[in-house]
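Comments concern the structure below.
The values are calculated or read from the model by the stated rules, or taken from the named source; none is laboratory data. All values derive from a computational prediction rather than experimental measurement. Backbone-built Cβ (ideal geometry, glycine too); neighbour counts: all protein chains shown. Note: accessible area is taken over every heavy atom of the protein model, side chains too, but ligands, DNA and RNA are not part of it. Shrake-Rupley method; radii C 1.70, N 1.55, O 1.52, S 1.80 Å.
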Amino acid sequence: MPTIKCLSLANQASEQYWTKERMANVIMESPIYPESVDSVPMSGNIIQKGTTNFSLPSGYPDTMPEQNKDTPVITESLIDPGVPIAAPNPPEYNLPFWNCGMWYYTNIDDGLQYGCTAAFVGSKNVLTTAAHCVISLKTGRWHSNFKFVRAYHNGGNPQVVYPSEICIYEETFTNRFNPEYDYAFMSTYQASGAGWLGFDTDISYRVVSIGYPTCFGGNPIIPNCAAGGGTVPTSVGNMYYDQGEITSASNGIATMIDNPMQRGISGGPMIKNFNTGTSSGGNNLAVGLNSFGSKIKNSVSSPVFTEDTYNLLIHSINQNK
């Protein structure tokens, strides 16, 4: 079993750091492109599933918010693959979008402010994001000034949350970054005001990705996807979602095709059994996260969630007991 490595943080230590100016100048983080990962899609659902399933259900509330009780329910089968859709405005009244938000930090390498996507998963006091949104890809050192804004939407701040402890595996970075462990879980001082996504190691063939893209399309190898012939969303800072299919990948990485969202979606959840009407009955389960680019156009990869992932999540859940 890999070794857990954690960073403890003072309550709201970053509160004074995030001025309006700093938040306005955030650089949205791209999915990373490690040379060691060369994902090759194949036909059919050929994801290797273990004999033991590690899962946690979604949390409260589990029904349509009163503000949207007359809104038609959207499930993953109703979403056109490869066509990102802006989340309902404001996302704080719409599940499962209200479990997600913007993740802010200061990069240890260049001292600049960056943004990723994160989400409450498995508990009202546990967030998850990509490990490369909490540590340096170059050195493995911790970033700083962490802050999460749940249901952030184009400047709105429905709930601000600060982590009390961030945990990854030591194996995430030894002499170089290991993409198989590109996930982090963190316990929080503030409880989610809208519950949490469930968690499952049994990834499905169809998933929905959520994040804050600053551009769509183009070749993922090009960090600025607009330069690769893509398009730019009309309003940077809005939450988007997209449905695609999971195919096989090497080195413990699962690739989602038909996902043209880029810069800013790192750490955002890949959800199976997506449902905007209820999180009961095995709906809205996080089974991966936006992490890696691949050589496949309009695709994003995720570490395969395993028993190790589950154990790290349980560790963070236990920190709030």
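Quick one: in segment 61-75, of everything that is open to solvent by less than 60 Å² (accessible area, probe 1.4 Å) and at pLDDT below 90, which residue is nearest to the chain's Cα centre (by Cα)?
Filtering segment 61-75 down to residues open to solvent by less than 60 Å² (accessible area, probe 1.4 Å) leaves 61, 64-65, 68, 74-75.
If we keep only those that are at pLDDT below 90 too, we end up with 61, 64-65, 68.
Numbers: 61: 21, 64: 23, 65: 23, 68: 25 Å.
My answer is 61.
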Going through segment 204-213 one residue at a time, which ones are surrounded by 23 or more Cβ atoms within 10 Å (Cβ to Cβ) and over 12 Å from residue 259 (Cα atoms)? 212
Considering residues of segment 239-259 that are part of a loop (DSSP other than H, G, I, E, B) and not hydroxyl-bearing (Ser, Thr, Tyr) only, the residue modelled with the lowest pLDDT: 249
Identify all residues within segment 88-123 that are within 25 Å of residue 72 (Cβ to Cβ) and surrounded by fewer than 21 Cβ atoms within 10 Å (Cβ to Cβ); write none if there are none. 88, 89, 90, 93
Any residue in segment 129-150 that's over 15 Å from residue 103 (Cα atoms): show its pairings with residues that are surrounded by fewer than 24 Cβ atoms within 10 Å (Cβ to Cβ) and among the hydroxyl-bearing types (Ser, Thr, Tyr) at Cβ separation under 9 Å, as long as the two are six or more apart or on different chains. 140/172; 140/174
Condition met for residue 196 (at pLDDT 95 or above, of a type outside the set (Gly, Ala, Ser), closer than 17 Å to residue 4 by Cα and open to solvent by 40 Å² or more (accessible area, probe 1.4 Å)): no
Looking for something acidic (Asp, Glu), out of contact with any Leu (no Cβ under 6 Å at 6 or more places or on another chain) and in contact (Cβ under 8 Å) with a residue 60 or more places away in the chain - is there at least one such residue anywhere in segment 167-175? yes
Those residues of segment 150-186 which are among the hydroxyl-bearing types (Ser, Thr, Tyr) and surrounded by 17 or more Cβ atoms within 10 Å (Cβ to Cβ), in sequence order: 152, 162, 164, 169, 172, 181, 183
Subset of segment 134-149, residues open to solvent by 20 Å² or more (accessible area, probe 1.4 Å) and out of contact with any Leu (no Cβ under 7 Å at 6 or more places or on another chain), comes to 137, 138, 139, 141, 144, 145
Counted residues in segment 23-60 being modelled with pLDDT of 75 or more, touching a Gly at 6+ places or on another chain (Cβ under 7 Å), in a loop (DSSP other than H, G, I, E, B) and closer than 22 Å to residue 287 by Cβ come to 4
Quick check on my filter: what residues within segment 145-180 are polar (S, T, N, Q) and out of contact with any helix residue (DSSP H, G or I) (no Cβ under 8 Å at 6 or more places or on another chain)? 145, 154, 157, 164, 174, 175
